[in-house]
Amino acid sequence: MEKRWWHDSVVYQIYPRSFCDSNGDGIGDIQGIISKLDYIQSLGADVIWLSPVYQSPMDDNGYDISDYQAIAPEFGTMEDMRELLDKAKQRDIRIVMDLVVNHTSDEHPWFVEAKSNPDSEYRDFYIWRDAKEDGSKPNDIDSIFGGSAWQWDEENQQYFFHLFSKRQPDLNWENPTLHQKVFDMMNWWIDQGIGGFRLDVIDLIGKEIDKGITGNGERLHPLLQKMNQATFGDKDLLTVGETWGATPDIAKLYSNPDRDELSMVFQFEHITLTWQDGDKWQPKPLDLVEFKQVLTKWQVELKNDGWNSLFWNNHDLPRVVSKYGCDKEFRVESAKMLATTLHFMKGTPYIFQGEEIGMTNVAFDTIDQYKDIETLNFYKVKTESGVSHDHMLKAIHENGRDNARTPMHWNNSSNAGFTSGQPWIELNPNYQTINVSDALEDKNSIFYHYQQLIALRKAHPVIVYGDFIPLLEDHSQVFAYERKDENEHIVVINNFSKERINVSLPSHLSGKSCTTLITNESTLTAIPETCTLNPYESFALKIEG
Ligand code: NOJ
């Protein structure tokens, strides 16, 4: 496989609203990010994925864009953005922008024009349909945020289509004039010196609404090839698609370099394993054997003609230490174990802000403490349809998006050093004990574990390119695997449980001498026949000779 710079990169995701506020308005901003570039550099990350900072009415915290070439005033100015790009570059950090082109805000001039003037060329940039004869909606497609995807527009006596909130009308990717506008905008950003794009819900742009198809429509891959050719194809950029509906075969279509589409995609098969019947509001416990099967499948199937992105959480998902680890007595151990499990796999790892200090889910007592539009919409839709308040609050505690969106904990001063003003969303009260400042002072902190993992990836090509070989596949508590190339051989062993357990290791490994590359507890110099693992114990061993 031809080597690319993003193969051994590690990406740090920033959710700007919640990262660092420089001007005391309670909302994180670009100057706040600039002030933390040294911190990100010290972690060792070499790419920042910046969630949207564009002009937006913030119905969905910036995933509803009203001007792709302007910065939202609460985040700063285009000058600030240029300064961020410059200062990141000085530190060899690239900035990947979030590209949200499945939909715009209803305040985008294209939509304003489309709505007010049916004869305008922008009318067809969106998806309009007449009501059925009986006045009902064109079909039953639901919005991903709850309720119907069709919104009646009184003014036009037509419905328009929105897969997210009704303030996020979907763009009509059947219109070639729209393509050109989007490509021009992308090229403008490329000219500003960005490092690439994260393409929001990109698997939805080939939708065939009248057939009821939203994801993975027939036109999707030709559209991406067209986009690639018209924009980033001949530039050396990282492109990562958000693709909830991808299987490994589909992921190869996106990420096989011969097909000229994207560098990689985010797949979510491992995430939805803890959702009963695909419904995040019905959480179910993790089945580790199933989890390993899914991740192993992705590792093995994308081996030669595709590339994986590796992540446990992002701004839409609960905090990993709360989800798959233990956020109480084994918080530090389990956070390190989860990091090791992920960072030794093949692919490009992504770290979501705060993950590197083991930030946890938040459990607000009342619904009005929540700010996320998805959470609030679903709370309404579900409780109106008979689901109890208690059920919903519990599900929100477990899977709601605001778990990831409470402000970053910089120190233990008021508001965790995030803002000198009134934060836009309450903080997780545990910032007194979980914060960056304490982490930097403790050489055994989760932060330094991540730093070490990133350094190991840079030092051992086997982590980046070696084969992935699963071990102990049927074990219900241990996630273990080997990484191997012609020069190096690494064994990674992780206890995903709260119990102290004895594990018999495969005979081809036992007795081999090894060095411990990273551990959250014991150091081994030889692989034992039977290994005793403490709760959440984890290590990566390099086989010698
Ligand atoms: C996926 C984004 O990650 C999420 O935050 C957003 O709400 C939807 N796409 C709509 O843009």
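The values are calculated or read from the model by the stated rules, or taken from the named source; none is laboratory data. This one's a predicted model, so the numbers in the text were calculated from it and none came from an experiment. Methodologically, a virtual Cβ is constructed for each residue, glycine included, from the backbone with ideal geometry; neighbour enumeration extends over all protein chains shown. Only protein heavy atoms, including side chains, enter the accessible area calculation; ligands, DNA and RNA are left aside. Shrake-Rupley method; radii C 1.70, N 1.55, O 1.52, S 1.80 Å.
Is there any pair linking a residue in the range 185-212 that is on the phi > 0 side of the Ramachandran plot to one that is open to solvent by 40 Å² or more (accessible area, probe 1.4 Å) and within 16 Å of the ligand (Cβ to nearest atom), with Cβ under 8 Å and at least six apart or on different chains, and which? Correct list of pairs: 201/244.
Just to check your reading of the model, which residue among 280, 336 is under 25 Å from residue 498 (Cβ atoms) and more than 16 Å from the ligand (Cβ to nearest atom)?
That would be 336, the only listed residue that is under 25 Å from residue 498 (Cβ atoms) and more than 16 Å from the ligand (Cβ to nearest atom).
Residues satisfying the criterion are present in the range 332-346 (criterion: open to solvent by 10 Å² or more (accessible area, probe 1.4 Å) and over 26 Å from residue 395 (Cα atoms)).
The lone criterion from (1) closer than 30 Å to residue 130 by Cβ; (2) more than 16 Å from the ligand (Cβ to nearest atom); (3) open to solvent by less than 10 Å² (accessible area, probe 1.4 Å); (4) in a helix (DSSP H, G or I) left unmet by residue 222 is number (3). In the condition set (1) at pLDDT 95 or above; (2) within 30 Å of residue 375 (Cβ to Cβ); (3) open to solvent by 20 Å² or more (accessible area, probe 1.4 Å), residue 147 is compliant with all but (1). Inspect all residues belonging to the range 101-111 and state whether any of them is closer than 24 Å to residue 404 by Cα, within 16 Å of the ligand (Cβ to nearest atom), modelled with pLDDT of 95 or more and assigned to a strand (DSSP E or B). Yes, the range 101-111 contains at least one residue that is closer than 24 Å to residue 404 by Cα, within 16 Å of the ligand (Cβ to nearest atom), modelled with pLDDT of 95 or more and assigned to a strand (DSSP E or B). Take the conditions at positive phi and more than 16 Å from the ligand (Cβ to nearest atom) and apply them to residue 287. Does it pass? Answer is no for this residue. Kindly provide the set of residues from the range 422-446 that are in contact with a helix residue (DSSP H, G or I) (Cβ under 8 Å, 6 or more places away or on another chain) and closer than 24 Å to residue 367 by Cα, ordered by number. Scanning the range 422-446 gives 423, 424, 425, 426, 427, 431. Taking the range 252-277 as the range and being under 30 Å from residue 395 (Cα atoms), touching a strand residue (DSSP E or B) at 6+ places or on another chain (Cβ under 7 Å) and not hydroxyl-bearing (Ser, Thr, Tyr) as the test, the residues that pass are 265, 266, 275, 276. Out of all the residues in the range 46-63, is one or more more than 21 Å from the chain's Cα centre (by Cα), outside any loop (DSSP other than H, G, I, E, B), away from the ligand (no atom under 16 Å from the Cβ) and not polar (S, T, N, Q)? The answer is no, given that none of the residues of the range 46-63 is more than 21 Å from the chain's Cα centre (by Cα), outside any loop (DSSP other than H, G, I, E, B), away from the ligand (no atom under 16 Å from the Cβ) and not polar (S, T, N, Q).
Out of curiosity, is residue 507 in a loop (DSSP other than H, G, I, E, B), in contact with a strand residue (DSSP E or B) (Cβ under 8 Å, 6 or more places away or on another chain) and open to solvent by 30 Å² or more (accessible area, probe 1.4 Å)? No.
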